[in-house]
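The values are calculated or read from the model by the stated rules, or taken from the named source; none is laboratory data. As the structure is a prediction and not an experimental result, all values here were calculated from the model. Every residue, glycine among them, receives a Cβ derived from its backbone with ideal geometry; neighbour counts consider all protein chains shown. All accessible areas refer to the heavy atoms of the entire protein, side chains included, with ligands and DNA or RNA removed. Shrake-Rupley method; radii C 1.70, N 1.55, O 1.52, S 1.80 Å.
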Amino acid sequence: MKKKLIGITKVILLLLIIAISVGLTIFLIKYEKQKEIQHNIDYIYNIYNNDNSQDILNKYITENYKQVGVEVEGTEKTEEKLNAIAVLEIPKIGFKDIVLEGTTQDVLANGIGLFEHSPILNGNVCLAGHNTTRFFAKLNELEIGDELKYSSCLGTREYLVSNKQVISETDWSMLQSKKDNYITLITCVKNQPEVRLCVQAIEKI
């Protein structure tokens, strides 16, 4: 009986050690990934808020010379080159992350996406992000008057939330170009695939 108990105890201890080792490994992987993400965010943010930003950015012109960008370190190798063109900050919800060109799945897995036909700075800057903890899960907490900061490769602007509404997934009217400077944020609504949450903010003067 004693031998049986000792054997069971050894098995339980072994399983506990394995469970702790797996848990620790997962934690370390997530921790390193978070450090990498934060490094990328701070790196881009510091460039776009540096007095010599234009000199720095000239080193990172994209291959087709259509837009200026900074290649994101640590992203998976894909046919599409991922370029960080801005950092978006929303103080009220503790949000700060990079903005990348495009809205493909690769882009949205690594940052906030700039719609393909959206300007980078002037007019209506249109951005999309997943409704996840890292990205726009708390976007619904914003209220009229809340502040946003957008530090891009072409300049930095601050905005105040002016409109917040749920729109149809096929409603693109909020993405139309504007003469005044706006920023438009769009994300999914959980368990409601037919609609989107849209938050629009106007330049702070």
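Structural remarks
- Inter-label distance, residue 106 to residue 141: 3.3 nm, where each label sits 7 Å from its Cα along the C-beta direction.
- Distance from the C-alpha centroid of the stretch 165-205 to that of the stretch 110-124: 12 Å, rounded to the whole angstrom.
- Selection from 173, 126, 160, by position along the positive dipole direction of the stretch 78-205 (Cβ): 160
- Residue-level accessible surface for residue 10, protein heavy atoms, 1.4 Å, Å²: 140 Å²
- Here residue 9 and residue 160 are evaluated by their C-beta separation; at R0 = 41 Å the FRET efficiency comes out at 0.05.
- Separation of the residue 131 and residue 96 label points, Cα + 7 Å toward Cβ, nm: 2.7 nm
- As a fraction of the 1.4 Å probe accessible area of the stretch 115-172, surface on carbon and sulfur atoms comes out at 50 percent.
- Ranked by the mean number of other Cβ atoms within 10 Å of their residues, highest first, the peptides 161-173, 125-137, 184-196 come out as 125-137, 184-196, 161-173.
- Each other residue within a Cβ distance under 9 Å of residue 160 adds +1 if Lys or Arg and -1 if Asp or Glu, for a net charge of -3.
- For the residue pairs 92/149; 92/190; 138/178; 92/178; 138/179; 96/138, the alpha carbons lie more than 23 Å apart in 138/178; 92/178; 138/179.
- Paramagnetic label zone (point 7 Å from Cα along Cα-to-C-beta, residue 202; backbone N under 15 Å) in the stretch 154-169: 158-164
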